[in-house]
Structure formats: C-alpha cells, structure tokens
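Nothing in this text is a laboratory measurement; each read-out follows from the coordinates by a stated rule. Fair warning: this is a prediction, and the values are worked out from it, not measured in the lab. Please note: Cβ atoms are built from the backbone with ideal geometry, for glycine as well, and neighbour counts cover all protein chains shown.
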Amino acid sequence: MHELAVAESVVSSVLERTGDRRVSVVRLSIGRLAGVVPDALSFCFELASGGTPLQGASLEISEAHGRARCRSCESDFDLDDPILLCDCGSADVLLLSGRELSVTSVEVA
C-alpha cells in the first residue's frame, strides 16, 4: 500500500511549513490518474499523523479529472481512468494532467 508512503510524505511536508503549530485541516488535490485511493490515503493519514501536531486533523481530498490531447485528431478530452484512448480511436495521446498530488491548503489552530 503506497498510500502510507504518500501520507507520510504529506505529513512531513506540512510539518516543514507549520512546525509545532497544531493543524486542524489539510486539503489535497489528487489527479484521478495518480494511482492513489482516497479512502486508503485518509486511513493512512490518520496513522502517519499520530503523535504529531497533525494528529486529529481532517484530510479533505478533491479529485481532479485527467486531461489529454489526441495527437491524431488534436482534440482535448477528460480522462477518469488510465485508459489513454481518444474517442476517434487513437491511442496516440499526450497526457496533460491527472497525475498530480498537491497540498492545496492547511488550516492551523
């Protein structure tokens, strides 16, 4: 379960910015193609934040659609799964977004 490593990285990144201040909310934006299961990440976040100023903080996750451009017909389209296939039938696509994972905001108490 790589979500534990992701959760540990999020906790570490937030602690670098907030120090010893108590954190009440951490907000993440995760692309649907990032390979992260939001429920598993939430569970792992609780484990990783234990004993830190983030303990008890809520984790709010917004999922962003993937976006791609077809190199054959040059249309842009949304992706919700890792099947990179344009409606025109071409698999020659450029992934524009959907794999990102970022901390968008943090609330300190």
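General observations
- With a Förster radius of 35 Å applied to the C-beta separation of Glu8 and Leu85, the computed FRET efficiency comes to 0.55.
- Using R0 = 22 Å, the C-beta based FRET efficiency linking Leu95 and Ser72 works out to 0.90.
- When only Cα pairs below 8 angstrom with a gap of at least 6 residues are kept, region 1-93 shows a relative contact order of 28 percent.
- Pairwise inverse Cα distances across the chain, averaged and inverted, put the Kirkwood hydrodynamic radius at 15.1 Å.
- In this Cβ point-charge picture (+1 for Lys and Arg, -1 for Asp and Glu), the chain has a dipole of about 320 debye about its Cα centre.
- Dividing the helix sum by the residues of the chain, where each DSSP H run of 4 or more adds -39500 (n - 2.57), gives a mean residue ellipticity at 222 nm of -8500 deg cm²/dmol.
- Under-5 Å amide H pairs with Val108, H placed in peptide plane, nonlocal only: Ser24
- Contour excess over end-to-end distance, with Cα ends at Leu47 and Arg27 and 0.36 nm allotted per residue: 5.5 nm
- Between helix 38-49 and the chain there is an angle of about 30 degrees, using the helix long axis and the longest principal axis of the Cα atoms.
- Legend: calculated FRET efficiency, Glu16 to Ala109, from the Cβ-Cβ distance at R0 = 30 Å, rounded to 0.05, equals 0.95.
- Order by protection proxy (mean Cβ within 10 Å, highest first), peptides 24-37, 76-89: 24-37, 76-89
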